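Notes follow once the structure below has been shown.
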Amino acid sequence: MENLLEESWREVLAGEFEKPYFAKLKNFVSEAYEKTEVFPPRGKVFAAFSHTPFNKVKAVIIGQDPYHEPREAQGLSFYVPPDVKTPPSLRNIAKELGKTPDLLSWADQGVLLLNATLTVEAHKAGSHQKKGWETFTDAAVRALAENRSQLVFILWGAYAQKKGAFIDRSRHCVIESAHPSPLSASRGFFGSKPFDKANAYLEAHSIPKICW
């Protein structure tokens, strides 16, 4: 499974592949793809890393679970293909941004769109949680936080904020707000201006801004 990971990330996270949890995760994921319908497609499990190599990362947006309906999940948090109905959270992201976002363009500009869990069984939200993915993606976030500097971490909702709690705020910009889901968007996501704040930080540190 690790052979599908983009080369720079494979080098950074090489130590994870030797750990017992990763062997168990590999077995679980392999069996899941063989026996059930799993999203995203196997070749897109690590799409976030493929679009945004380690040294190209400028910002990180942490999601939780892949979408669990057909054709939705493509390996990038919050992203669905243009011909798929826009999920509610993504609609609210568009509302806050003031336009329809091109998340593939974000990823290619250096925005790591990272879900905490990278696979899910069809129609069963959260079905692959606590199988080892969270440990793996924690390692990815930690590698960025400890080995890069002046990154922007956008943490929407309590889950993402907990996952990024260890990030050194003196070394990176951490932007926190409510999650864009319909349940919480009106309680602090709308009007939080995460995209403006991110670009202001990047510009202040002479890093090219992101065309959101």
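The values are calculated or read from the model by the stated rules, or taken from the named source; none is laboratory data. None of these values were measured; they are calculated from a predicted model. No Cβ is skipped: glycine too gets one built from the backbone with ideal geometry, and neighbour counts run over all protein chains shown. When the accessible area is computed, the model is the full protein with side chains, heavy atoms only, and any ligands, DNA or RNA have been set aside. Shrake-Rupley method; radii C 1.70, N 1.55, O 1.52, S 1.80 Å.
Would you check if Phe136 is of a type in the set (Phe, Trp, Tyr) and closer than 26 Å to Met1 by Cβ? Yes, satisfied.
Checked against (1) within 20 Å of Ala178 (Cα to Cα); (2) in contact (Cβ under 8 Å) with a residue 40 or more places away in the chain, Gln109 passes all but a single condition, namely (1). Which residues, counting only those in the stretch 180-206, are out of contact with any helix residue (DSSP H, G or I) (no Cβ under 6 Å at 6 or more places or on another chain), open to solvent by less than 90 Å² (accessible area, probe 1.4 Å), among the aliphatic types (A, V, I, L, M) and over 16 Å from Gly110 (Cα atoms)? Across the stretch 180-206, the qualifying residue is only Ala204. The condition of being at pLDDT 95 or above, closer than 17 Å to Ser8 by Cα and not in a helix (DSSP H, G or I) holds for Leu114.
Right, Ala23: over 29 Å from Val152 (Cβ atoms), assigned to a helix (DSSP H, G or I), free of Cβ contacts under 8 Å to residues at least 24 places away in the same chain and of a type in the set (Gly, Ala, Ser) or not?
On the way: over 29 Å from Val152 (Cβ atoms): yes; assigned to a helix (DSSP H, G or I): yes; free of Cβ contacts under 8 Å to residues at least 24 places away in the same chain: yes; of a type in the set (Gly, Ala, Ser): yes.
Yes; evaluated as a whole, the condition is true for this residue.
Listed conditions (1) over 13 Å from the mean Cα position of the chain (by Cα); (2) assigned to a strand (DSSP E or B) are all met by Ala145, apart from (2). Does Lys209 count as open to solvent by 10 Å² or more (accessible area, probe 1.4 Å), free of Cβ contacts under 8 Å to residues at least 40 places away in the same chain, among the charged types (D, E, K, R) and not in a helix (DSSP H, G or I)? Judged against the criteria, Lys209 is a match. Being farther than 26 Å from Val38 by Cα, of a type outside the set (Phe, Trp, Tyr) and outside any loop (DSSP other than H, G, I, E, B), is that true of even one residue in the stretch 126-135? No - not one qualifying residue is present in the stretch 126-135.
Might you check whether a residue that is touching a residue at least 60 places away in the same chain (Cβ under 8 Å), in a loop (DSSP other than H, G, I, E, B) and touching a Lys or Arg at 6+ places or on another chain (Cβ under 7 Å) occurs anywhere in the stretch 158-179?
So the first thing to find is which residues in the stretch 158-179 are touching a residue at least 60 places away in the same chain (Cβ under 8 Å), and the list is 159-160, 163-164, 179.
Then keep just the ones that are in a loop (DSSP other than H, G, I, E, B); that gives 164, 179.
From the residues that got through so far, the ones that are touching a Lys or Arg at 6+ places or on another chain (Cβ under 7 Å) too are none.
Scanning the stretch 158-179 turns up no residue that is touching a residue at least 60 places away in the same chain (Cβ under 8 Å), in a loop (DSSP other than H, G, I, E, B) and touching a Lys or Arg at 6+ places or on another chain (Cβ under 7 Å).
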